[in-house]
Amino acid sequence: ETGVTQSPTHLIKTRGQQVTLRCSSQSGHNTVSWYQQALGQGPQFIFQYYREEENGRGNFPPRFSGLQFPNYSSELNVNALELDDSALYLCASRPPGQGWETQYFGPGTRLLVL
Amino acid sequence: GQNIDQPTEMTATEGAIVQINCTYQTSGFNGLFWYQQHAGEAPTFLSYNVLDGLEEKGRFSSFLSRSKGYSYLLLKELQMKDSASYLCAVPGGFQKLVFGTGTRLLVSP
């Protein structure tokens, strides 16, 4: 049990639609990162939020956006879904000032785009 | 930037020992991580090496050679539940971890 939860667990969408994925971090974990993991690949960094501001972004287009809320929950929004967006989406959180070894991943949301 | 290479798949027998290798290239080294990921689940932290040498943690050990850009994860007394993907990762700046593609380990009876 990592204390990081994600919803929904599975989701099916069609091309062009929009999707919102949710993550709830442990209390006090004010850094949250989102990763995309395609089948058979390692997780790829999408972006990180710290104190409700985006403070780092990977090689993903602007249609991937996020929000972080004061209650340590966060969202990943993806607009204009494409087939290649089908993947496992992971959020990860860690407490302030702590190293990567304290980062915990949520169970992920598996998104299928048809 | 960062680049990580690890074998795609390995097989081993229950009770045996297996070594999963990882080579990396990174500008500015800040440690190397190993994660275990069972199918459809979240990655879970196994080990973190920042200095050269072997670190042992129960049945799992991790080795690092910074001069060679090389690490390995050693799993002893393999159990069926060790069938999973093993991910090697390095920090890519303070915001992110850069992961390899993962090594899928299949343990057979």
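The values are calculated or read from the model by the stated rules, or taken from the named source; none is laboratory data. Predicted model only: the values in this text are computed from it and were never measured. For neighbour counting, all protein chains shown are included, and Cβ atoms are generated from backbone atoms with ideal geometry for every residue, glycine included. Remember, those area values only see protein heavy atoms, side chains included, never the ligands or the DNA or RNA. Shrake-Rupley method; radii C 1.70, N 1.55, O 1.52, S 1.80 Å.
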- Query: Rounded to the nearest whole Å², what accessible area per residue is found for chain B with the 1.4 Å probe?
  - Reply: 48 Å²
- Note on the structure: A convex hull over the alpha carbons of chain B yields, per residue, a volume in Å³ of 92 Å³
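Compute and list, largest first, the equivalent-ellipsoid semi-axes of the protein assembly as shown from the alpha carbon gyration tensor, each √(5λ) rounded to a whole angstrom.
Working: eigenvalues 173, 80, 51 Å².
Taking √(5λ) for each Cα gyration eigenvalue gives 29, 20, 16 Å.
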- Note on the structure: Plugging the Cβ-Cβ distance of B:LEU54 and A:GLN41 into 1/(1 + (r/R0)^6) at R0 = 35 Å yields, to the nearest 0.05, a FRET efficiency of 0.75
- Return the FRET efficiency for the residue pair B:THR23, A:ASN59: r is the Cβ-Cβ distance, R0 is 30 Å, and the value is rounded to the nearest 0.05. 0.85
- Message: If the elastic network links every pair of Cα atoms under 10 Å, which of A:ALA92, A:ALA38, A:ALA80 fluctuates the most in the Gaussian network model of chain A?
- Response: A:ALA80
- Note on the structure: If every Lys and Arg gets +1 and every Asp and Glu gets -1 at its Cβ, then about the Cα centre chain A yields a dipole, in debye to the nearest 20, of 160 debye
- Task: Pop a pseudo-label 7 angstrom from the Cα along the beta-carbon direction at both A:ASN79 and B:LEU74 and give the gap in nm to one decimal.
- Result: 5.3 nm
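Take the Cα atoms of segment A:1-76, build their convex hull, and give its volume per residue in Å³.
Details: hull volume 8.5 nm³, N = 76.
Convex hull volume per residue, Cα atoms: 112 Å³.
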- Query: Roughly how many debye, to the nearest 20, is the charge dipole of segment B:41-101 about its Cα centre, given +1 on each Lys and Arg Cβ, -1 on each Asp and Glu Cβ, and no other charges?
  - Reply: 120 debye
- Most fluctuating residue given options A:ARG22, A:ARG51, A:ARG94, as computed from a GNM of chain A linking Cα atoms under 10 Å: A:ARG51
- Item | Simple label model, 7 Å out from Cα along Cβ direction - B:ASP5 to B:SER108, nm | 2.7 nm
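Find the lysine pairs in the protein assembly as shown meeting two conditions, Cα atoms under 30 Å apart and a separation of 8 or more places or different chains, and report how many there are. Walk me through the numbers on the way to the answer.
Details: A:LYS13/B:LYS96; B:LYS57/B:LYS68; B:LYS57/B:LYS76; B:LYS57/B:LYS81; B:LYS57/B:LYS96; B:LYS68/B:LYS76; B:LYS68/B:LYS96; B:LYS81/B:LYS96.
For the protein assembly as shown, qualifying lysine pairs total 8.
Given charges of +1 on the Cβ of Lys and Arg and -1 on the Cβ of Asp and Glu, with all other atoms neutral, how large is the dipole of the protein assembly as shown about its Cα centre, in debye to the nearest 20?
On the way: 16 positive and 18 negative charges, 40 e Å.
The calculated dipole for the protein assembly as shown is roughly 200 debye.
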- Centre separation in Å (Cα based) which lies between segment B:25-96 and segment A:16-70: 23 Å
